[in-house]
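Following: one structure in structure tokens, then a few remarks.
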Amino acid sequence: MERRTNFWALIASPVPVLERFNLLLQQKCGFRKAPRKVEPRRSDTGSSGEAYKRSALIPPLEETVFYPSPYPVRTLLKPFFFTVGFTGCAFGSAAIWQYESLKSRVQSYFDGIKADWLDSIRPQKEGNLRKEINKWWNSLSDGQRTVTGIIAANALVFCLWRVPSLHRTMIRYFTSNPASKVLCSPMLLSTFSHFSLFHMAANMYVLWSFSTSIVNILGQEQFVAVYLSAGVISNFVSYVCKVATGRYGPSLGASGAIMTVLAAVCTKIPEGRLAIIFLPVFTFTAGNALKAIIAMDTAGMILGWKFFDHAAHLGGALFGIWYITYGHELIWKNREPLVKIWHEIRTNGPKKGGGSK
């Protein structure tokens with residue numbers, strides 16, 4: 001009769017009985033029950049247990065373990081605040097940078113006159129490598145000079161991917177994944193990260209091609225703020241899509257930020273003519289190209305295509321359209337209060353520091 005009572009108690013409340021049974025086994029074996037942890041998820045399995053089809057653009061991740069949160073919505077809180085905070089800091093820093101740049105140009109104008117006079121009376125060296133480099137640098141447009149640093153940073157990170165001992169570090173910090181333990185810094189660092197040479201070459205070619213137009217539209221300082229913010233915002237959109245669909249996986253590349261640049265130029269100059277590098281004869285308007293790209297990335301995001309991070313592409317494109325249409329008026333044209341505060345700090349700061357005793 002006692003055995004029957006225990007049997008029905010097991011059916012009525014199976015969890016407590018099983019827990020007591022496990023506890024007895026663990027005590028008998030000489031160890032205590034460890035606190036319950038979230039089961040790690042290997043990168044080669046999806047949420048439904050299906051094999052994860054790795055894109056050729058991302059590194060092999062067979063040995064990488066990801067830890068998806070049991071509360072997916074909470075996973076997005078830190079990335080959300082990081083996105084808002086970083087975007088604000090980027091535009092604030094760009095406004096201060098523009099102030100300092102304009103101030104230095106006034107001084108460098110007079111210094112330049114003096115330097116030109118000295119160069120005119122100084123004997124010129126033929127075949128000087130530094131002179132040739134300066135000549136090439138001065139032949140570039142403002143936009144091309146601006147993106148040269150971005151391209152160099154991408155090339156450096158690409159070289160780091162070739163070092164086997166750095167793979168774990170690169171996967172942790174230079175690929176963005178909402179199931180990773182590190183969530184915020186990869187949202188920015190992955191924007192400069194490419195594992196495939198073709199992926200990097202294609203992205204940098206598009207960035208170089210649109211650099212002159214976007215810097216002419218926004219200016220150097222505002223462009224840098226938009227580009228860096230676009231990388232973080234596009235990754236946040238990717239996070240939201242991955243958490244909503246349960247399709248966790250790493251992403252990397254500058255495509256989200258470059259989509260912002262492309263969308264901004266196409267929105268500002270919709271009648272401009274574009275062409276594909278392999279089909280230069282076939283041309284189309286920038287407006288039609290933007291519509292086709294948005295349609296393709298929307299379809300890829302809905303259908304779950306895995307070759308590209310279509311959510312990041314779409315997020316970058318929508319941010320570029322929004323910024324040209326509304327963001328420039330709302331953000332950049334309201335930077336004057338910050339610039340005034342900075343001007344007061346620059347002007348009155350040394351006086352408040354105290355003079356010589």
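Points worth noting:
- Extended-chain gain in nm, criterion 0.36 nm per residue less alpha-carbon gap, THR283 and LEU160: 40.5 nm
- Net charge contributed by nearby residues that have their C-beta within less than 13 Å of SER193 (K/R +1, D/E -1): +1
- Of the two radii for the stretch 253-357, the radius of gyration is 1.28 times the Kirkwood radius, both from the alpha carbons; that is the Rg over Rh value.
- Potential lengthening between ASN128 and ASN216 on full extension [0.36 nm per residue; Cα-Cα distance subtracted]: 28.5 nm
- Across LYS306/LYS333; LYS181/LYS306; LYS78/LYS306, pairs whose alpha-carbon gap is larger than 29 Å: LYS306/LYS333
- Estimated at 0.36 nm per residue, the fully extended path between GLN107 and GLU344 surpasses their Cα-Cα distance by 83.4 nm.
- CYS89 versus ALA152: modelled label distance in nm, points set 7 Å from Cα along the beta carbon direction: 2.3
- Debye-sum result for the stretch 149-237 in log10 I(q)/I(0), which assumes one identical scatterer on each alpha carbon, at q = 0.10 Å⁻¹: -0.28
The numbers here are math on the coordinates, done by the rules we state, and not lab data. On a predicted model such as this, the values are computed, not experimentally measured, just so you know. FYI the Cβ positions are ideal-geometry reconstructions off the backbone, even for glycines, and counts take in every protein chain you see.
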